[in-house]
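Structure first, commentary second.
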Amino acid sequence: MYIPNHFDEPSFDVMQTLIRDYPLATLVTLSADGLTANHIPLQWVDNGSDYGCLRGHVARANPMWRDTDPGSEVLAIFQAENAYISPSWYATKQQTGKVVPTWNYAAVHVYGSLRVIDDAAWIRNQLEQLTMQHEATFPEPWAVSDAPHDFTDKLIEQIVGIEIGVTRLLGKWKVSQNQPAENQDSVIQGLNKSGKPEMAALVAAKMRNANLQDSNND
């Protein structure tokens, strides 16, 4: 991934937060037939290693888990909200007219080695942990144990567990950091008016972080 210095996000905590908030990953693997991509919810787990691991599952009928060499490097791509940025939003448009459209987004690329886990107990635990995480904010959280055990046993037979031991991460936050403060403010206003409050919040957070770093360096 091409990352200019002003769009680089080096913080592991920030990248980890995006992974947790937007867990549906595009998992890119290499098979004998070439590159393949699958869209799979992945859960970041602290397993005591430097970067932890990602855990999930795929349908047994999905050829990915058979076609990918065990231990080979794979790439999981996580992405937050994204938005078109109109040049009409820039405050400097009225001053110089030297503005063009762009696109704002935040993404994390996670590299690691793939391990296939065909074990019913492991898969059940992974399903329970994943469900628990995403049901936690609901007033009446659903749990795997709410369904009949023999029913979930049959479903578990139809899936295979996967684990990615994370070796490196790349974070790119392209959220108007290369623009002057007046344009950043006007972009936030434009995003809010266009119905993109989540992206506006990302831009604002990055601005606050940049200002905090500047003040710490003074």
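The values are calculated or read from the model by the stated rules, or taken from the named source; none is laboratory data. Worth saying up front: this structure is predicted, and the values here are computed from it rather than measured. Positions of Cβ are generated from backbone atoms using ideal geometry, with glycine treated the same way; all protein chains shown enter the neighbour counts.
Structure values in brief
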item: Check on Val166, in a strand (DSSP E or B), in contact with a helix residue (DSSP H, G or I) (Cβ under 8 Å, 6 or more places away or on another chain) and either over 29 Å from Ser11 (Cα atoms) or of a type outside the set (Lys, Arg) (or both); result: no
item: So Asp46, is it modelled with pLDDT under 95, exposed (fewer than 12 other Cβ atoms within 10 Å of the Cβ) and of a type in the set (D, E, K, R); result: yes
item: Residue check for Asn125: surrounded by fewer than 15 Cβ atoms within 10 Å (Cβ to Cβ), closer than 30 Å to Glu73 by Cβ and of a type in the set (S, T, N, Q); result: yes
item: Options Asn209, Asn183, Asn216, Asn178: the member that is modelled with pLDDT under 90 and either outside any helix (DSSP H, G or I) or touching a helix residue (DSSP H, G or I) at 6+ places or on another chain (Cβ under 7 Å) (or both); result: Asn178
item: Residues of region 49-95 satisfying the condition of being basic (Lys, Arg), surrounded by fewer than 16 Cβ atoms within 10 Å (Cβ to Cβ) and in contact (Cβ under 8 Å) with a residue 60 or more places away in the chain; result: Arg60
item: Test: Glu135 is touching a Pro at 6+ places or on another chain (Cβ under 6 Å), of a type in the set (D, E, K, R) and without any contact (Cβ under 8 Å) to a residue 12 or more places away in the chain; result: yes
item: Looking only at region 25-39, and only at residues there that are aliphatic (A, V, I, L, M) and touching a residue at least 24 places away in the same chain (Cβ under 8 Å), the one that is surrounded by the fewest Cβ atoms within 10 Å (Cβ to Cβ); result: Ala32
item: Ala37 being of a type in the set (Gly, Ala, Ser), farther than 16 Å from Gly161 by Cβ, at pLDDT 95 or above and under 20 Å from the mean Cα position of the chain (by Cα); result: yes
item: Cβ-Cβ under 6 Å pairs, at least 6 apart or on other chains, region 1-23 side farther than 13 Å from Tyr105 by Cα, far side modelled with pLDDT under 95 and part of a loop (DSSP other than H, G, I, E, B); result: His6/Gln177; His6/Asn178
item: Region 173-201, residues that are charged (D, E, K, R) and within 17 Å of Tyr84 (Cβ to Cβ); result: Lys174, Lys193, Lys196, Glu198
item: Test: residue in region 7-18 that is surrounded by fewer than 16 Cβ atoms within 10 Å (Cβ to Cβ), in a helix (DSSP H, G or I), within 18 Å of the chain's Cα centre (by Cα) and among the hydrophobic types (A, V, I, L, M, F, W, C); result: yes
item: Enumeration of residues in region 99-126 that are of a type in the set (Ser, Thr, Tyr), over 22 Å from Ala37 (Cα atoms) and modelled with pLDDT of 95 or more; result: none
